[in-house]
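Below you'll find the structure, written out as structure tokens, and then a few comments.
The values are calculated or read from the model by the stated rules, or taken from the named source; none is laboratory data. No experiment lies behind these values; they were computed from the predicted model shown. Positions of Cβ are backbone-derived with ideal geometry, glycine not excepted, and every protein chain shown enters the neighbour counts. Only protein heavy atoms, including side chains, enter the accessible area calculation; ligands, DNA and RNA are left aside. Shrake-Rupley method; radii C 1.70, N 1.55, O 1.52, S 1.80 Å.
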Protein chains: 2
Amino acid sequence: MIIENKILSLFPKLIKILTKMGKVLIIGAGGVATVAAFKVAQNPDVFTDITIASRTKAKCDKLAKAIGNPNIKTAQVDADNVDDLVKLFNEVKPDIVMNLALPYQDLTIMEACLKTGVNYLDTANYEPRDEAHFEYSWQWAYKQRFEDAGLTAILGCGFDPGVSGVYTAYAAKHHFDEIHTLDIVDCNAGNHHKAFATNFNPEINIREITQKGLYYKDGEWIETEPLEIHQPITYPNIGPRESYLMHHEELESLVKNYPTIKLARFWMTFGEQYLKYLDVIQGIGMSRIDEIEYEAPLADGTGNAKVKIVPLQFLKAVLPNPQDLGENYEGETSIGCRIRGIKDGKERTYYVYNNCSHQEAYKETGMQGVSYTTGVPAMIGAMMFLKGLWKRPGVWNVEDFDPDPFMEQLNKQGLPWNEVFDGDLEV
Amino acid sequence: MIIENKILSLFPKLIKILTKMGKVLIIGAGGVATVAAFKVAQNPDVFTDITIASRTKAKCDKLAKAIGNPNIKTAQVDADNVDDLVKLFNEVKPDIVMNLALPYQDLTIMEACLKTGVNYLDTANYEPRDEAHFEYSWQWAYKQRFEDAGLTAILGCGFDPGVSGVYTAYAAKHHFDEIHTLDIVDCNAGNHHKAFATNFNPEINIREITQKGLYYKDGEWIETEPLEIHQPITYPNIGPRESYLMHHEELESLVKNYPTIKLARFWMTFGEQYLKYLDVIQGIGMSRIDEIEYEAPLADGTGNAKVKIVPLQFLKAVLPNPQDLGENYEGETSIGCRIRGIKDGKERTYYVYNNCSHQEAYKETGMQGVSYTTGVPAMIGAMMFLKGLWKRPGVWNVEDFDPDPFMEQLNKQGLPWNEVFDGDLEV
């Protein structure tokens, strides 16, 4: 096994030396992008050239300065605008673009990749702005075009989606002949000492949580009311936490890729306080995603203007910035896959998980654990591509590739994993 | 007593006939202004000429149309702008202006009254926009100027402040030699069938409720945390409701005008749901009254603009409009004064109150009970002035005038009162 890995690890290095690949363009300058940029910079043997671009160049400059690497370049880009992206891609000529902007922008960035011959990676699937709904169909529709262009697109390469799919692929490869049930369990037992704050973009977070629940059973998708199904689940080093069944995008690709799965669910923990806040935010209309016409004084003092405001986007401006939560964030996250299935004719269970300390994440990158657990796998995904290990024309989910080198990097890059065999899965 | 009243009631009629007074200008077109305009129109013997003005003339036109009186005139005015007000007052030449706009605008309207020789009435005392704080000092400072100009200003002539002061004056005049304790109790036992809505302007309502509590005891003002002190109080025809001690403006003038008072408090009921919502609204920062810079697309589609938005004002735009609550509003309000003191050397208690049905109020004016209980007394106050009964140069609170004709009108104009002598005050 060790020898096998050594041979495997020599091969991509050779490819890299021959092709001098390693040019990455990061789009975004939020918490996840910050972590990814830190980790990219920590791996200069793979990432030989780094550019960070976002709507506000000053944010990129600040991030480059925080990393302290004078070779990092920065740029301004409007990721909603394909032409703007094409111009940037043609200037930077990256091998791969890491899309760590908003899920609304997945399609414009994919279009720009096709127009400029750039490979693609993201961490969350596309959703339209005017509808809180996500599914892979919009992005899977690009499969043929990426294939024809000889370009690789890696979808959903954060933690969940991302590591959750890699864990499942690893379980399927090494520990199961058939997977029968898959429960992805996501616990944030951190305390940020704020009355209310979301751990990532509040707009995206609240859209996701206020959606109806969805899970897969015996070949069918079953819809629930938002957060209708819940139960306590015990998390390692944390203890029992009430966990709520939610729709989560990786279920869609995983049940497709592992057709033996009979039951697939996603669970996330929420505190009572968080749910109370969420309930009220909906009750007062501040989670609305339609536009309201509102008259307000212009900031430059030249009079009043009628503007269109999406309440949820305005709420984002008022809530604490998730990027500012890190300093006082205590506790840890615990995310994993609880799997039941058959190996050599016998039923078995398998639980693979990572626990991540908010404080450790903050010390390393200035960001809390939720950004960290998403940004590190994004970097590893780009690394897998640049090493030639996850390189295949088309549009792919993470479980479409070999999980082993990714799992190896998780241990090296700050997200070590643990396994429990034949334990009580609780779910 | 009856003969006395008859003589009194003939006197102002004579004055009116001689001077042809009766021209009223209502500023505002919200719930309270709507009720006041309906009631003003119901009393054409007193109000011979009616103009309604607000920032949006269309609202005034709609209101005039709802009342169905073709003689009602409407106008546009920016009540923040003294010059604009002066222009309007000079055109309309009202005998009295009823200020039913926002408390922020009390001082600009008073200034315009002084510049144009118009008498003044309002229902809520001035507060600055940038500080959630109310006290009479700002308006009392105008006393000498109104006196010198020979003009009457009647402050706080809604229900509370307003009827609460008239009740107290009536109690002092007829039932007590000394008032020792005064508890104003305000219960809204209505149900509007919305997750959350305020009964009047949400901005003003939330500013008021999130303030620190304040009560008067033995010559001193004692501050409490917001809603810190509470107890159940039983309301007639309603039952016990948890009631919270709040600062309320009429306490300031009443303890000054009745120096025998040792303890003066104001209590208001809130449901658990309402308080939960309030707690979250504060927690997420949406009750903030400072300005946030926010970039948003212009409504006319010509690009983006940076505007300054006060979160609480934006929340107002998202919350249900209090004016739209009436249709499905059930239940009633109950507001009164519970008084303890001495009459003829003996201790006694006195409770005087009104119960108002939201549905009855809606049927008559299209507005719910909270608007009704404020708008009717405002009309009666203007009527008292025009009849010459409450006419005295200077700036006055309602208890500075004779309560008897006002109390008589309350019974006639839809807010009949009830008395309980020597009952258990509970407080």
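Considering each residue of region B:162-173 in turn, none proves to be in a loop (DSSP other than H, G, I, E, B) and surrounded by fewer than 24 Cβ atoms within 10 Å (Cβ to Cβ). Answer with yes or no whether residue B:252 is closer than 25 Å to residue B:398 by Cα and open to solvent by 50 Å² or more (accessible area, probe 1.4 Å). Answer is no for this residue. Residues that are within 10 Å of residue B:157 (Cα to Cα) and not aliphatic (A, V, I, L, M) were ranked within region B:366-395; the one that is nearest to the chain's Cα centre (by Cα) is B:374.
Just the residues that are of a type in the set (A, V, I, L, M) and either more than 30 Å from residue A:315 (Cα to Cα) or part of a helix (DSSP H, G or I) (or both), please, taken from region A:174-196.
Matches in region A:174-196: A:179, A:182.
Might you let me know whether region A:85-96 holds any residue that is part of a strand (DSSP E or B), at pLDDT 95 or above and surrounded by 23 or more Cβ atoms within 10 Å (Cβ to Cβ)?
yes
Looking at region A:302-309, is at least one residue closer than 27 Å to residue A:28 by Cα and at pLDDT below 95? Scanning region A:302-309, I find no residue that is closer than 27 Å to residue A:28 by Cα and at pLDDT below 95, so the answer is no. Looking at region A:341-361, can you tell me whether even one residue there is within 14 Å of chain B (Cβ to nearest Cβ), without any contact (Cβ under 8 Å) to a residue 24 or more places away in the chain and either hydrophobic (A, V, I, L, M, F, W, C) or not in a helix (DSSP H, G or I) (or both)? The answer is no, given that none of the residues of region A:341-361 is within 14 Å of chain B (Cβ to nearest Cβ), without any contact (Cβ under 8 Å) to a residue 24 or more places away in the chain and either hydrophobic (A, V, I, L, M, F, W, C) or not in a helix (DSSP H, G or I) (or both). So which residues in region A:282-312 are within 8 Å of chain B (Cβ to nearest Cβ), in contact with a helix residue (DSSP H, G or I) (Cβ under 7 Å, 6 or more places away or on another chain) and open to solvent by 40 Å² or more (accessible area, probe 1.4 Å)? Scanning region A:282-312 gives a single hit, A:288. There is no residue in region A:124-143 that is assigned to a strand (DSSP E or B) and surrounded by 23 or more Cβ atoms within 10 Å (Cβ to Cβ). In this structure, is residue A:227 more than 14 Å from chain B (Cβ to nearest Cβ), aliphatic (A, V, I, L, M), out of contact with any Pro (no Cβ under 7 Å at 6 or more places or on another chain) and in a strand (DSSP E or B)? Spelling it out, it is not the case that residue A:227 is more than 14 Å from chain B (Cβ to nearest Cβ), aliphatic (A, V, I, L, M), out of contact with any Pro (no Cβ under 7 Å at 6 or more places or on another chain) and in a strand (DSSP E or B). Residues that are within 14 Å of chain B (Cβ to nearest Cβ) and either in contact with a strand residue (DSSP E or B) (Cβ under 7 Å, 6 or more places away or on another chain) or open to solvent by 40 Å² or more (accessible area, probe 1.4 Å) (or both) do not occur anywhere in region A:363-371. Screening A:124, A:153, A:171 for residues that are more than 14 Å from residue A:399 (Cα to Cα) and of a type in the set (Gly, Ala, Ser) leaves exactly one candidate, A:124. When region B:315-328 is limited to residues that are part of a helix (DSSP H, G or I) and surrounded by 23 or more Cβ atoms within 10 Å (Cβ to Cβ), the one that is farthest from the other protein chains (Cβ to nearest Cβ) turns out to be B:326. Scoring residue B:41 on the criteria (1) open to solvent by less than 60 Å² (accessible area, probe 1.4 Å); (2) at pLDDT below 95; (3) under 28 Å from residue B:323 (Cβ atoms) leaves a single failure, condition (2). Screening residue A:205 against (1) within 14 Å of chain B (Cβ to nearest Cβ); (2) under 24 Å from residue A:356 (Cα atoms); (3) open to solvent by 30 Å² or more (accessible area, probe 1.4 Å) leaves a single unmet condition, (3).
Taken together, B:62, B:57, B:39, B:93 contain a single residue that is more than 22 Å from the chain's Cα centre (by Cα), among the basic types (Lys, Arg) and closer than 28 Å to residue B:146 by Cα, which is B:93. Each residue in region B:181-202 was checked for being within 14 Å of another protein chain (Cβ to nearest Cβ) and crowded, with 18+ Cβ neighbours inside 10 Å, and 5 pass. Tallying residues that are buried (at least 22 other Cβ atoms within 10 Å of the Cβ), at the interface with chain A (Cβ under 7 Å from one of its Cβ atoms) and not β-branched (Val, Ile, Thr) within region B:259-281 yields 1.
Going by the conditions given, is residue B:214 part of a strand (DSSP E or B), crowded, with 23+ Cβ neighbours inside 10 Å and not β-branched (Val, Ile, Thr)?
On the way: part of a strand (DSSP E or B): yes; crowded, with 23+ Cβ neighbours inside 10 Å: no; not β-branched (Val, Ile, Thr): yes.
Answer is no for this residue.
All told, residue B:399 meets the bar of being assigned to a helix (DSSP H, G or I), open to solvent by less than 40 Å² (accessible area, probe 1.4 Å) and of a type in the set (D, E, K, R). Considering only region A:386-393, I want to know if a residue exists there that is open to solvent by less than 40 Å² (accessible area, probe 1.4 Å), within 23 Å of residue A:121 (Cα to Cα) and either modelled with pLDDT under 95 or part of a helix (DSSP H, G or I) (or both). Yes - at least one qualifying residue is present in region A:386-393.
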